[in-house]
Amino acid sequence: MVQIVRGLLILLALCLGAPAAAAPPALIPMPLAAVWHDGEVRIGADTVVEGRGEAASTADYLARELGLKSKRGGPSRIQLSLVPTSKIANPEGYYLRATGNEVLIEASDPRGLFYGAQTLRQLVTTKSASRTVPNVEINDSPRFRWRGLLIDLGRHFFGKQTLFKIIDEMAAYKLNVLKLHLTDYQGWRLEIPAYPKLTQVGSLVDGKPQYLTTADVREIVQYAAERHIMVVPEIEMPGHAGAAARSYPEFFNKTGDAFNPAYPKTYDFVRGVLAEVARLFPAPYVDFAGDEVGDAWEGMADVDRLKAEHGLKTSNDVQAYFGRRVVAIIEGLGKRPMAWDDQVDAHAPNSVVIQWWRRDKPEVLKTAAKEGHDLVISPADQLYFDYHQGPGEPGAPWEGNKGGPQSIGKMLAWEPIPGDFTPEESSRVLGIEACVWTEFIATERYLQFMTFPRLLALSEIAWRPKGQRDEAEFTKRLEPHIEALRARGINARRGEWDAYEFITN
Ligand code: ACM
């Protein structure tokens, strides 16, 4: 009896006395594997960040982000080290260990070190006056190597300060491709010195020029590269070309919205523009879009002549002819062409990376995979951030977006690789890219509202391995991130009430 009472008392003491294990920090994206241990590493003003050789730039970045200036060895340190690929195979993967007085980050490439540093930023918590990192061991690497975000500067222009803020957040959440949609009906947003009217005429909004200068582009590309983000330019052709047509109508169709594929000098113009684009953007890809041409060439006598000369029967054949010539130009500039899935219908050569957006055409995605195209997946139902996020909220009024608002829950329930893909076809999926189209997005505040926090769900899907994702668990994990985004001045949506500001009718 005494034994039993004593046993119960000990049990009671254990329950009451055991410190509640602190919940681990809410990481986004969730790492592949994390093992948490008791205890923590203290981060103080005297904590030194060490990284030699190729690790130095990430060490400097991390020291800056954490506000650590100490150069001399203090009681605690953060050590960044490059190790052989035999130890960490994925160049974007990393190993992080926090124990004793040290946080160690290892990777085989500066990219992996950078992602380890991003995880560490999220691990640092402030308790009363001091900052700590919980003891932990993390092994991590991404599912997809293309983790992208497209910003449409064509419809509404956003300048470099807006882009720098987005790049900072992309880096924090381990995204690595920023696609800039630089041209459309509404505006041409890129300075091309050889064709000055593109911006003198084509970029005007209420009489004022709105575009990125070549110097702006160099700054943006550099800022992104320092954060391991590749900037991919998208120059729309043959359709969606109204701004270019207003600037140089001689290269365009009668209705002023598509390139004239029958005029030989059109291709000199295309080459001149793309040569500048290829010089300005070091990324190996140039995206020529090639979507939604429709019947732009109807009733053009010279296009009818082109058809007769080359045995082209349909408008799609003409589109294929134009596409082949543009692909040759881009490849001649030493770049890899990329285009929307409309180019699969136009029989693009399989060297073209295809971006799938038409979510009602899964057979086109399958065809592209079978034909051997590399693929980026961007279905309008899950990854078009111009659509509304909740019932009654503002967003693009297009007929697409099936299955309700493009909520975080809808995104998380989605698997990017179709179930009928073979392993060979699956290996062609480079990754995913969300698109912020801006027909209806005119202010930075609204742009941020539409982009955040969905960008964090994008990161979770792009980084974590295939598997069930729990919306309730993610939503809880998201909370401190939304607060942190807002503290950094980003207008991240907290809930439907934040939408009222943008509902205009
Ligand atoms: C697209 O939304 N037309 C790619």
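Couple of notes before you dig in:
- Phi-based couplings in Hz for segment 428-439 (Karplus 6.51, -1.76, 1.60; Gly and Pro marked x): 7, 7, 5, x, 10, 8, 8, 10, 9, 7, 10, 3
- 0 to 90° range, to nearest 10: angle between helix 301-310 axis and the chain longest Cα axis: 80 degrees
- Only lysine pairs 8 or more places apart, or on different chains, with alpha-carbon atoms under 22 angstrom apart are counted in segment 328-486, and they number 10.
- Of all DSSP beta bridges in the chain, antiparallel share, percent nearest 5: 35 percent
- Selection among ILE329, GLY299, SER315 by position relative to the dipole of segment 251-340 gives ILE329 as farthest towards the positive end (Cβ unit charges, Cα centre).
- Charge dipole magnitude, Cβ of K and R +1, D and E -1 - segment 363-430, Cα centre, debye nearest 20: 100 debye
- Legend: P(r) of the chain from all alpha carbon pair distances, 10 Å bins from 0, whole percents, reading 4, 17, 26, 24, 15, 7, 3, 1, 1, 0, 0.
- Lys/Arg +1, Asp/Glu -1 at C-beta; the chain dipole; positive extreme among GLY202, GLN355, ILE105: ILE105
- Surrounding net charge for ASP420, when Lys and Arg each add one and Asp and Glu each subtract one, Cβ distance under 13 Å: -2
- Fraction of alpha-carbon pairs over 20 Å apart in segment 363-441 - percent: 39 percent
- Here the dipole of segment 284-357 is about 400 debye; that uses its Cα centre as origin and unit charges on the Cβ of Lys and Arg (positive) and Asp and Glu (negative).
- 5 angstrom amide H check on ASP386, placed H, neighbours 5+ away: TRP437
- Note, ³J(HN,Hα) from phi for segment 138-150, Karplus 6.51, -1.76, 1.60, rounded to Hz, x at Gly and Pro: 10, 10, 9, 6, x, 6, 10, 8, 10, 10, x, 9, 9
- Between PHE164 and TRP398, the contour length at 0.36 nm per residue exceeds the alpha carbon distance by 81.3 nm.
- Rg/Rh for segment 190-246, where both radii come from Cα atoms and Rh is the Kirkwood radius: 1.03
- For segment 214-231, backbone phi angles converted through the Karplus equation (6.51, -1.76, 1.60; θ = phi - 60°) give residue-by-residue couplings of 4, 5, 4, 4, 4, 5, 5, 4, 5, 4, 5, 4, 4, 10, 6, 10, 8, 9 Hz, Gly and Pro being listed as x.
- The mean of 1/r over all pairs of different alpha-carbon atoms in segment 423-484, once inverted, gives a Kirkwood hydrodynamic radius of 13.9 Å.
- A cut-off of 5 Å between modelled amide H atoms, ignoring neighbours fewer than 5 places along the same chain, links VAL231 with LEU178, ALA283.
- Straight-line cross-link reach from LYS71 at under 17 Å between alpha-carbon atoms covers these aspartates and glutamates, not counting any fewer than eight positions away in the same chain: ASP46, GLU50, ASP60, GLU102.
- Size of electric dipole in segment 103-216: Cβ of Lys, Arg +1 and of Asp, Glu -1, about Cα centre, debye, nearest 20: 140 debye
- Extreme residue, positive dipole direction of the chain, given options ILE229, MET450, PRO394 (C-beta unit charges): ILE229
- For ILE43, distant residues with modelled amide H under 5 Å away: ARG131, THR132, VAL133
- Between segment 34-90 and segment 407-465, the Cα center-to-center distance that results, in Å: 31 Å
- Antiparallel bridge percentage (DSSP; both residues within segment 90-205; nearest 5): 75 percent
No lab work stands behind these numbers, since they all come straight from the coordinates. Note that the structure is predicted; figures quoted are calculated from it, not measured. Note that each Cβ is placed from the backbone with ideal geometry, even for glycine, and that neighbours are counted across all protein chains shown.
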